[in-house]
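The values are calculated or read from the model by the stated rules, or taken from the named source; none is laboratory data. A quick note: this is a predicted structure, and the numbers were derived from the prediction, not measured. Here the Cβ positions follow ideal geometry from the backbone for every residue, glycine too, while neighbour counts run over all protein chains shown.
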Amino acid sequence: MLRRFTLLGVSAEHLQSGSFEELALPLFDQLYNFAHWLTHDRAEAEDLVQETYTKALRGFSSFRQGTNFRAWMYRILRNTFLSSRTGLKATATLQLDLEADAAPLPETTDTVTPESILIERSNHHLLQEALDEMPVHFREILLLCEVEEMSYQEISETLTVPIGTVMSRLSRARAALRAIVRPKLQRI
Amino acid sequence: MACDSWVGKLDAYLDGELPAADTSALDAHLRGCSTCAAQALARVQMKRALKTAGQRFTPSAEFKARMRTQLAPKPASAWKFAWAFPAAALALLMLTVLLTGLSDRRSRERTLVSELTDLHVSTLASATPVDVISTDRHTVKPWFQGKVPFTFNLPELQNTGFQLVGGRVTYLAQVPGAHLIYQIRKHEISVFIFPEKALPSGLSPRPSEEHLAFHINTFSAGGLRYYVLGDTTPSDLDALADLLRSAASS
């Protein structure tokens, strides 16, 4: 009989774990940065972040405790972007690249040290240009891994793909980044 | 293992995602292989550079403030419709006069139901829920003599599915009363009996009420107020209330 009281307490879990604002506001700057990288436009990024927070707030009651809140927020943002006009345009030519996720990746053994030395000399502008030029699915996975420092598991939850796909796509994204950066460095 | 195999694992290693055994083996390899060590160093540098280059955009202060306002819990906007205050105040005053009596009554009912639910739950949670343990009404009823300022009849339960567990003295609004515990299909039901006149006025919930998934049934018989409360079905409570009512009038 007393168990009835425990069962009644289940709905109080959200209250115990903090409000939506407490959980979501600390992610605001990072989410905006990610949104701006995806949209390439300040106004669009603001709309995207605003829509993400509105959707997340509306769906917060269905957010399950124990799941990763950060990955949940990024997933909402990304899905909102992908269904937007800019997102649809950005992904229209991606299908072939995505299919190649599963293909084995040729690993280069040629040293990238000279590039890295130049990169370390704070040539951020060059790297930012390279990221801008990348297909959106490479850009987003690099940002989630390197900037947000998400684990493969978190990236897998955000992108809703298996961890194996996260690893292969990440490798391809890094290879693609090196391929874009190398000629730029040679021109310097 | 050849260098080619290790190079394939370098990214996972630097991302901290390589299994522990592979990590130790790769650590050892990197200490002895300058080619792979140079690769690892280059990738670490690329990771660091990307981390910095990727943190490129910051939201404007205006946008940030706007979002904070939108997300902050909204206080009641008291001044938004200030023009409507005089008319609303008059209507509110009239409504308040009309509703005060009703809400006071509902509030007293809620308090009563909460108190009875608390009594029920705390009694069952106690190590000694009853002071007189007996399934025999002829044992339980006399036990209350001299302990509560009234007497009452208890029903015969044979073939009803109900079983008397025992009783104890209880208090509601400083009024002593009898608290009996019955059982049906492993569900415990509390029956509270108080002299009606001694209870503060308004302490009678509706005949059938629900509170925190507990049901409560109440009736008055022979100057006594009976409350039947439990987590079993309302029909069980009604059946027990009927039995008690019949016994009270016999």
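Within segment B:38-57, identify whether any single residue is more than 10 Å from chain A (Cβ to nearest Cβ) and farther than 20 Å from residue A:170 by Cβ, and answer yes or no. The answer is no, given that none of the residues of segment B:38-57 is more than 10 Å from chain A (Cβ to nearest Cβ) and farther than 20 Å from residue A:170 by Cβ. For residue B:64, the conditions (1) exposed (fewer than 15 other Cβ atoms within 10 Å of the Cβ); (2) modelled with pLDDT of 90 or more all hold with the exception of (1).
Can you report the number of residues in segment A:127-143 which are out of contact with any Leu (no Cβ under 8 Å at 6 or more places or on another chain) and at the interface with another protein chain (Cβ under 10 Å from one of its Cβ atoms)? Residues meeting the conditions: 3. Taking segment A:156-168 as the search range and keeping residues that are at the interface with another protein chain (Cβ under 10 Å from one of its Cβ atoms) and touching a residue at least 12 places away in the same chain (Cβ under 8 Å), which one is nearest to residue B:9 (Cα to Cα)? That would be A:167. Restricting segment A:50-77 to residues that are in contact with a His (Cβ under 9 Å, 6 or more places away or on another chain) and outside any loop (DSSP other than H, G, I, E, B), the residue that is farthest from the other protein chains (Cβ to nearest Cβ) is A:61. Being more than 7 Å from chain A (Cβ to nearest Cβ), modelled with pLDDT of 85 or more and under 52 Å from the mean Cα position of the chain (by Cα), is that true of even one residue in segment B:24-33? Yes, there is a match, as at least one residue in segment B:24-33 is more than 7 Å from chain A (Cβ to nearest Cβ), modelled with pLDDT of 85 or more and under 52 Å from the mean Cα position of the chain (by Cα). For segment A:148-158, a residue qualifies if it is crowded, with 21+ Cβ neighbours inside 10 Å and either among the hydroxyl-bearing types (Ser, Thr, Tyr) or in a helix (DSSP H, G or I) (or both), and the qualifying residues are A:155, A:158.
What about residue A:98, is it more than 10 Å from chain B (Cβ to nearest Cβ) and modelled with pLDDT of 95 or more? No; evaluated as a whole, the condition is false for this residue.
Look at segment B:153-170: where a residue is at positive phi and a partner is of a type in the set (Gly, Ala, Ser), sitting 6+ places away or on another chain with Cβ atoms under 7 Å, you get B:166/B:134. Do the conditions hold for residue A:38, that is, is it assigned to a helix (DSSP H, G or I) and within 11 Å of chain B (Cβ to nearest Cβ)? Yes, satisfied.
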